[in-house]
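Student: Once you've had a glance at the structure underneath, I'll fire off some questions.
The values are calculated or read from the model by the stated rules, or taken from the named source; none is laboratory data. These numbers were taken from a predicted model, which means no experiment stands behind them. Positions of Cβ are generated from backbone atoms using ideal geometry, with glycine treated the same way; all protein chains shown enter the neighbour counts. For the accessible areas, the whole protein counts, side chains as well, though only heavy atoms, and no ligand, DNA or RNA atoms are used. Shrake-Rupley method; radii C 1.70, N 1.55, O 1.52, S 1.80 Å.
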Amino acid sequence: MHTHTGHDNRRSVHDPDTALVLDIGRGDKKAAAILVRRHLPKMVALARNMLGDANEAEDIAQEVFLKVWQHAGKWHPGKAKFETWMHRVAINLCYDRLRRRREVYTDRLPETVDEDSPGPDQSTLDTQLSVQIEEAMMHLPPRQRAALTLCHLQETSNIEAARIMKISIEALESLLARGRNGLRKRLANKVKLLLEK
Amino acid sequence: MSAVMTHMEFERLAQTYGGDLLRWPEKTRRAASNFQQQNPQSAKTILDHQTDVDHALAQVPHQDIRVDLETQILRSFPAVQAKRSGNRLWSWSALLHPIRGGMPAWGMALALLLVSGFIGGYTGYAYTLNQSGSADIIADAFGTTDATLFVEDPTT
């Protein structure tokens with residue numbers, strides 16, 4: 001396997017995936033398998049948080065890696081991290097899918113509660129809380145959701161997240177602040193009700 | 001980067017990145033920590049106000065990766081075409097690659113332009129290029145994007 005260090009002295013962009021990408025560009029499926037294993041969880045998580053659907057998240061992840069397989073041969077190492085490109089592709093694919101959906105995302109849980117049923121146990125409450133939070137995220141504008149997913153859920157640095165989204169850091173921070181505020185407003189009453197049970 | 005931070009800046013960063021200073025941009029942490037030490041009560045109030053959203057984000061569902069998803073993805077990759085051996089001055093695939101194709105690739109792009117103009121005139125429809133214009137035809141000839149090249153614009 002190619003032993004490129006992934007470090008370009010001219011641009012100082014260290015990329016641990018460079019060697020793999022170069023091999024994938026030569027049609028090396030073993031290298032592709034390693035890259036898939038390395039990045040699949042993040043791709044699925046990103047798509048799941050953007051789309052709110054497990055099956056679609058898997059579809060997006062598959063599309064991303066297919067594009068990796070198809071385009072790895074054209075990659076020029078040193079300019080940016082390959083993972084940045086993958087994230088960008090994933091987010092754009094999610095945006096496309098959201099545009100094609102063009103439906104209003106509706107809440108999945110009923111608002112009414114059976115008064116005669118015994119109170120829910122803690123794990124049920126936790127599950128309901130997770131669902132409510134995921135739905136609150138889905139009601140955020142896609143770009144705010146993307147910013148929160150990258151920075152808070154995937155712990156991407158603000159610089160990297162801004163690069164992925166092709167925006168300034170100031171624009172990213174604006175999206176993060178508005179996203180957090182939107183979540184707070186949406187969750188305020190629902191979480192309070194759940195926590196009171 | 002200054003090691004001094006104002007109350008307003010501390011609050012802005014908390015509203016942006018949450019109540020955990022470790023999530024703040026690295027270059028801001030020293031100043032933020034200094035602010036925290038010098039104004040413990042104010043800092044606590046500001047950071048505590050973000051706890052609700054931080055806790056909510058921590059509860060976002062995690063999706064387990066299906067066991068056979070990796071295999072499914074790898075199986076979806078099309079087979080790699082075997083590299084051609086021997087020296088050839090040109091090949092059909094080289095027409096789509098600007099570096100290998102050179103002049104033949106540019107000739108292909110021009111031919112596409114001429115053919116599209118002929119078809120548009122013959123059928124009575126004006127096929128107009130998208131906003132990017134002819135650059136997209138050339139880009140597509142080199143196999144870069146999946147962009148739609150033509151928008152049908154029926155004439156009367």
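Student: How many residues does region B:2-13 hold that are surrounded by fewer than 19 Cβ atoms within 10 Å (Cβ to Cβ) and either under 18 Å from A:GLU160 (Cβ atoms) or away from every other protein chain (no Cβ under 14 Å) (or both)?
Tutor: Counting residues in region B:2-13 that are surrounded by fewer than 19 Cβ atoms within 10 Å (Cβ to Cβ) and either under 18 Å from A:GLU160 (Cβ atoms) or away from every other protein chain (no Cβ under 14 Å) (or both) gives 5.
Student: Just the residues that are surrounded by 20 or more Cβ atoms within 10 Å (Cβ to Cβ) and within 11 Å of chain B (Cβ to nearest Cβ), please, taken from region A:163-189.
Tutor: Once the filter is applied, which keeps residues that are surrounded by 20 or more Cβ atoms within 10 Å (Cβ to Cβ) and within 11 Å of chain B (Cβ to nearest Cβ), region A:163-189 yields A:LEU172, A:GLU173, A:LEU175, A:LEU176, A:GLY179, A:ARG180, A:LEU183, A:LEU187.
Each row is one residue, and each column tells you yes or no for (1) outside any loop (DSSP other than H, G, I, E, B); (2) open to solvent by 30 Å² or more (accessible area, probe 1.4 Å); (3) modelled with pLDDT of 85 or more.
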site: A:TRP85; (1), (2), (3): yes, yes, yes
site: A:ASP96; (1), (2), (3): yes, yes, yes
site: A:ASP114; (1), (2), (3): no, yes, no
site: A:ASP126; (1), (2), (3): yes, yes, no
site: A:LEU129; (1), (2), (3): yes, no, no
site: A:ALA136; (1), (2), (3): yes, no, yes
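Student: A further question follows. Could you check A:ALA32 against (1) out of contact with any Lys or Arg (no Cβ under 8 Å at 6 or more places or on another chain); (2) facing chain B (nearest Cβ under 9 Å); (3) open to solvent by 30 Å² or more (accessible area, probe 1.4 Å) and say which number it fails?
Tutor: Every listed condition holds for A:ALA32 apart from (3).
Student: Just to verify a result, which residue in region B:19-59, among those that are farther than 23 Å from A:ILE133 by Cβ and charged (D, E, K, R), is nearest to the other protein chains (Cβ to nearest Cβ)?
Tutor: For region B:19-59, the residue satisfying everything is B:GLU26.
Student: Inside region B:47-73, can you point out the residues that are outside any helix (DSSP H, G or I) and among the acidic types (Asp, Glu)?
Tutor: Answer for region B:47-73, where residues must be outside any helix (DSSP H, G or I) and among the acidic types (Asp, Glu): B:ASP64, B:ASP68.
Student: In region B:34-53, which residues are under 29 Å from A:ALA146 (Cβ atoms) and open to solvent by 30 Å² or more (accessible area, probe 1.4 Å)?
Tutor: B:ASP48, B:HIS49, B:THR51, B:ASP52
Student: Now for a separate question. Does B:ASP68 count as open to solvent by 30 Å² or more (accessible area, probe 1.4 Å), within 30 Å of A:LYS30 (Cβ to Cβ), within 11 Å of chain A (Cβ to nearest Cβ) and of a type outside the set (A, V, I, L, M)?
Tutor: Yes, satisfied.
Student: Confirm whether B:THR16 is part of a helix (DSSP H, G or I), facing chain A (nearest Cβ under 9 Å), among the hydroxyl-bearing types (Ser, Thr, Tyr) and open to solvent by less than 40 Å² (accessible area, probe 1.4 Å).
Tutor: yes
Student: Could I ask something else about it? So which residues in region A:98-112 are modelled with pLDDT under 70 and open to solvent by less than 40 Å² (accessible area, probe 1.4 Å)?
Tutor: None - no residue of region A:98-112 is modelled with pLDDT under 70 and open to solvent by less than 40 Å² (accessible area, probe 1.4 Å), so the list stays empty.
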